[in-house]
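Structure first, then comments.
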Ligand code: UD1
Ligand code: CA
């Protein structure tokens, strides 16, 4: 069986955070998600994740993920620390003839195709252990790959234990290994903590197996980005950047125009169809769907479905749906559970919350529509407010088809305006308006002749 062991119990002290390192997010998902996702999309049948002090938080975050087995690494003064000890907590789950891939939870850019190639390579060679390595320009903080005169891999030396000559080696240990189950068990039994950090290093397994006369090897990856390890927030931001560009590239190849990829953020999982154009400073989350022909300028879209040919400018859309051909913004805010129909206009500074808006309705400027069901072809004037809250409870309003809500009016819920109901500008409406009625609620206008002259304001 092919099994993964993902190491995620480390303290992550270099992150300087109360949040476990593997839960720090890249584009809306914890780092550990990406490692697990790569394993699940590769030919791996069982995933073991080693957790430590952080176990409650990590398990909670991944409670909906299937096919993940969490294993606890004992922690405290009586136990050693380190990647070797972490793996030792999981070996009871391993059979002698398993092929075991070990990955670090802080290496989020690894791809499933690399995992599959690496597993195949290891099996074809008949190795007891294979190390995934890469040549990188700045190897600081990585374990260095030491080779003998025949270029055979001999040892992995950690930064802290490396001498000056070893520090110059640019081939590094990715932290990703494949073992034959029996060899892993043997190596783990023979690790010690004789090193500068006093930790039980998994990397020492290599020398243990070389000494035992086992066949070991290495597999050098071409795209070193994939094994980028995250130890600090600076590296987290670098990893985010690499992943973001990789995701963006995929969408561009699939027919989405990104005017400025460097300021476009799309989470893995977002569905974006061909011929969508995205302008700078846009964020689209993993649960959103954007259909063909949409043009999105400078907007944030979360968990929303945007139908064909919609234009959204400088707006924020959360947990909502927008129908075909509708125009939104600039500066509109669709709060959760707003459903706007086809060919509508939601203009400048309009806020909609928990409401339904029928096809062809327009609210072009400065309106608040909260807890309302608005029919088709309704016109909502500038400054109209759906007064949905009395300080204690919320109420809904209903507006029929072809109604007209005049500028600066208040619709005090609960209230119904029937089809073709007209509300005069500046009115505060508290009673039901019947079909075809004009409703007017304001003091009658008085014009007083000569008043300005008498006051001496006009010469
Ligand atoms: C490790 C490797 C190094 C490699 C680098 C690649 C060792 C000794 N060093 O160094 O050769 O170049 O990864 O990124 O293996 N962890 C546990 N339990 C522990 C300690 C760590 O589960 O007791 C986990 C961490 O959560 C982390 C992973 O193991 O996901 C690696 O630990 P970390 O301390 O980050 O190792 P590095 O110093 O990066
Ligand atoms: Ca690391």
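The values are calculated or read from the model by the stated rules, or taken from the named source; none is laboratory data. As the structure is a prediction and not an experimental result, all values here were calculated from the model. Cβ sites come from the backbone with ideal geometry, for glycine too, and all protein chains shown count toward neighbours.
Give the number of residues within region 199-231 that are assigned to a loop (DSSP other than H, G, I, E, B), more than 15 Å from ligand 2 (Cβ to nearest atom) and either under 23 Å from residue 139 (Cβ atoms) or at pLDDT below 95 (or both).
So the answer is 4.
Determine which single condition residue 53 fails, assuming it passes every other condition in (1) away from ligand 1 (no atom under 13 Å from the Cβ); (2) in a loop (DSSP other than H, G, I, E, B).
Every listed condition holds for residue 53 apart from (1).
Are there any strands (runs of 3 or more DSSP E) wholly within region 365-459 with 3 or more residues that are in contact with a helix residue (DSSP H, G or I) (Cβ under 9 Å, 6 or more places away or on another chain), and if so which?
Ranges flagged: none.
Assuming residue 250 fulfils every condition listed in (1) touching a helix residue (DSSP H, G or I) at 6+ places or on another chain (Cβ under 8 Å); (2) outside any loop (DSSP other than H, G, I, E, B); (3) more than 16 Å from ligand 1 (Cβ to nearest atom) apart from one, which condition is it?
Among (1) touching a helix residue (DSSP H, G or I) at 6+ places or on another chain (Cβ under 8 Å); (2) outside any loop (DSSP other than H, G, I, E, B); (3) more than 16 Å from ligand 1 (Cβ to nearest atom), residue 250 violates only (1).
Can you name the residue in region 1-35 that is under 13 Å from residue 68 (Cβ atoms) and touching a strand residue (DSSP E or B) at 6+ places or on another chain (Cβ under 8 Å) and, of all such residues, is farthest from ligand 2 (Cβ to nearest atom)? It would help to see each step written out before you state the result.
So in region 1-35, the residues under 13 Å from residue 68 (Cβ atoms) come out as 3-6, 8, 22, 30, 32-33, 35.
Checking the rest, the ones that are also touching a strand residue (DSSP E or B) at 6+ places or on another chain (Cβ under 8 Å) come to 3-6, 8, 22, 32, 35.
Details: 3: 21, 4: 17, 5: 15, 6: 13, 8: 11, 22: 10, 32: 13, 35: 12 Å.
This residue is 3.
Quick check on region 37-44. Is at least one of its residues within 16 Å of ligand 2 (Cβ to nearest atom) and touching a strand residue (DSSP E or B) at 6+ places or on another chain (Cβ under 8 Å)?
no
Among all residue pairs at least 6 apart or on different chains, which show Cβ distances below 8 Å where the first residue, located in region 50-63, is within 19 Å of residue 40 (Cα to Cα) and without any contact (Cβ under 8 Å) to a residue 40 or more places away in the chain and the second is away from ligand 2 (no atom under 16 Å from the Cβ) and in a helix (DSSP H, G or I)?
62/33; 62/36
Among all residue pairs at least 6 apart or on different chains, which show Cβ distances below 6 Å where the first residue, located in region 193-205, is surrounded by fewer than 13 Cβ atoms within 10 Å (Cβ to Cβ) and the second is not in a loop (DSSP other than H, G, I, E, B)?
Listed by first residue and then by second, the contacts come to 196/160; 196/161.
For region 1-49, what are the residues that are away from ligand 1 (no atom under 14 Å from the Cβ), without any contact (Cβ under 8 Å) to a residue 60 or more places away in the chain and part of a loop (DSSP other than H, G, I, E, B)?
Residues satisfying the conditions are 18, 45.
Restricting the search to region 211-223, which residues are within 16 Å of ligand 1 (Cβ to nearest atom) and buried (at least 17 other Cβ atoms within 10 Å of the Cβ)?
Passing the criteria: 216, 218, 219, 221.
Residues that are more than 16 Å from ligand 2 (Cβ to nearest atom) and surrounded by fewer than 22 Cβ atoms within 10 Å (Cβ to Cβ), at least 3 per element: which helices (runs of 4 or more DSSP H) completely within region 78-188 meet that?
Values: elements: 83-88, 112-125, 164-167.
Of the helices (runs of 4 or more DSSP H) lying wholly inside region 78-188, those with at least 3 residues that are more than 16 Å from ligand 2 (Cβ to nearest atom) and surrounded by fewer than 22 Cβ atoms within 10 Å (Cβ to Cβ) span 112-125, 164-167.
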